[in-house]
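The values are calculated or read from the model by the stated rules, or taken from the named source; none is laboratory data. No experiment lies behind these values; they were computed from the predicted model shown. As a convention, Cβ positions derive from the backbone with ideal geometry for all residues, glycine included, and neighbour counts pool all protein chains shown.
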Amino acid sequence: MNGLSQFFKGTKPGASLGGLKHLILMATAIILLLFITTPAVAGTILTTPTGGEALTVGETYDIKWNAVSIPFGGSIDLDLSTDSGVTWTAIQHGISITSQKYAWTVPNSPTTKARVKITLYCDTLGLSGGLMPTPTTVTSVCGVEESADFTIKSSLVILNLKPVLPLPVFVSAPSNLTATTISSSQIDLAWTDKSNNETEFVIERKTGSGSYEEVGTVDEDKENYSDKGLTAGTAYTYRVKAAGNGSTIHDSSYSNESSATTNNLIIPIIPIKPVIPPVATEQTVIRYYIGAADYYVNDQIQTMDTVPIIIEGRTLLPIRYVAEPLGASVDWDSIEQKVTVTLSGKTIEVWVNNNMASVDGVATPIDPNNANVVPIVVPPGRTMLPLRFIAENLGCQVDWNQSLQEVKVTYPKL
């Protein structure tokens, strides 16, 4: 309470002062009240926000206002509207007018029609009582102002997600690729088909450290390929992949690699007039040379359409060029893929790609020491049989000359 108020309170009716004094005091108070009135607030009160701002939910924003000079003090109320001033909710009331700002945490009320209203309350002096009124503090609104619309936006981050594309479909890669040497110019491949949606198989080949090149294709579901026209004595490496449809189904990865080396092409050195011991008229002597089409029956030159070859360390040749000089009969069963050779009551049955044979009805291994020795078929459709097995089981003697690469068959045995 200021001094004037204390003065009035200290003056009691009926004191020693006369009525004139009371009249003077009352007149003085009235004059003072005429000069001490509610101040008029001029100019802008609210400085931020003013409108057009974009605030984010949860951020701290300073609401600011200008300094206002009020002799007897005052306070500030802050309110928020989210509908362009139709309705209001309190932000904070009773804020000191001298602070000039308020740290506001933006509420979770996203809108484009947010407004802030500031209400200024001013304190002034008033009188209360009868003939001797008592000065009192009177609070009244001395200024109201609101901002234009501004935006409160959500703090959620809107991700620009791309559509999830379906995973690509790949053909399963073939496996268990094997390469097998057939001759000096042919290698056969075999693999396991691991897929059911390929369109074909692509075969690739390289030599040494060179690059792979495509050498052929086979239809879907096939599991073998013959690579022909190769160079003798050369190592080749292969790989195979399954092809997709070129759009929705992609090619497989490659199979394992597999290598094989073609046989060396051996051209035998045959003497112009080989020295051959006399042969008894009751014997037949046949001489074959690895890699050569010419052969000799009792020193008479003959020619076969397929040369003898060596596979798995064993000599294979068309059986007709053994059977006919010996007077044996040969029968071919295309259904069973079986060759039957008969001579002097002896019957031998062998099957293509089978390492077991039948000799006079008894199951007999073709080579007890090597299960990979089997009859095979080579172009132009010739069945190649292991020479030693056939000849010895027909009662022949078989001799090998390493230096000449010569096989000599003598019937009957010496």
Tell me the residue from V373, V398 that is surrounded by fewer than 21 Cβ atoms within 10 Å (Cβ to Cβ), outside the structural domain of A232 (by the TED database) and under 27 Å from A260 (Cβ atoms), please.
V373
Tally the residues that are in a loop (DSSP other than H, G, I, E, B) and either outside the structural domain of G143 (by the TED database) or modelled with pLDDT of 90 or more (or both), restricting the search to the range 46-77.
8
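Please go through the range 303-346 and give me each residue that is assigned to a strand (DSSP E or B), more than 60 Å from the chain's Cα centre (by Cα) and surrounded by 15 or more Cβ atoms within 10 Å (Cβ to Cβ), ordered by number.
T342, L343
Within the range 381-414, work out how many residues are in a loop (DSSP other than H, G, I, E, B) and under 17 Å from G291 (Cβ atoms).
Counting residues in the range 381-414 that are in a loop (DSSP other than H, G, I, E, B) and under 17 Å from G291 (Cβ atoms) gives 4.
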What number of residues within the range 93-109 satisfy the criterion of being free of Cβ contacts under 8 Å to residues at least 24 places away in the same chain, assigned to a strand (DSSP E or B) and loosely packed, with under 14 Cβ neighbours inside 10 Å?
3
Consider W351 carefully, then state whether it is more than 54 Å from the chain's Cα centre (by Cα), over 16 Å from A292 (Cα atoms) and free of Cβ contacts under 8 Å to residues at least 60 places away in the same chain.
no
Does the range 158-166 contain any residue that is part of a strand (DSSP E or B) and more than 30 Å from T56 (Cβ to Cβ)?
no
Qualifying positions in the range 378-401 - more than 22 Å from V359 (Cα to Cα) and modelled with pLDDT of 90 or more
W400, N401
Of all residues in the range 364-414, which are over 50 Å from the mean Cα position of the chain (by Cα) and among the small types (G, A, S)?
A391, G395, S403
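Hey, any hits in the range 354-365 for a residue that's surrounded by 15 or more Cβ atoms within 10 Å (Cβ to Cβ), of a type in the set (A, V, I, L, M) and either outside any strand (DSSP E or B) or out of contact with any Asp or Glu (no Cβ under 9 Å at 6 or more places or on another chain) (or both)?
First pass over the range 354-365, keeping only residues surrounded by 15 or more Cβ atoms within 10 Å (Cβ to Cβ): 355, 357-359, 364.
In the following step, the residues that additionally are of a type in the set (A, V, I, L, M) were identified as 357, 359.
With the extra rule that they be either outside any strand (DSSP E or B) or out of contact with any Asp or Glu (no Cβ under 9 Å at 6 or more places or on another chain) (or both), the set shrinks to none.
No, the conditions are met nowhere in the range 354-365.
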Please pick out the residue among E324, E349 that is among the acidic types (D, E) and modelled with pLDDT of 90 or more.
E349
What strands (runs of 3 or more DSSP E) lie completely within the range 110-153 and have 2 or more residues being over 56 Å from the mean Cα position of the chain (by Cα), surrounded by 14 or more Cβ atoms within 10 Å (Cβ to Cβ) and modelled with pLDDT of 95 or more?
none
Please work out which one of (1) crowded, with 18+ Cβ neighbours inside 10 Å; (2) assigned to a loop (DSSP other than H, G, I, E, B) is the condition V202 fails and give its number.
(2)
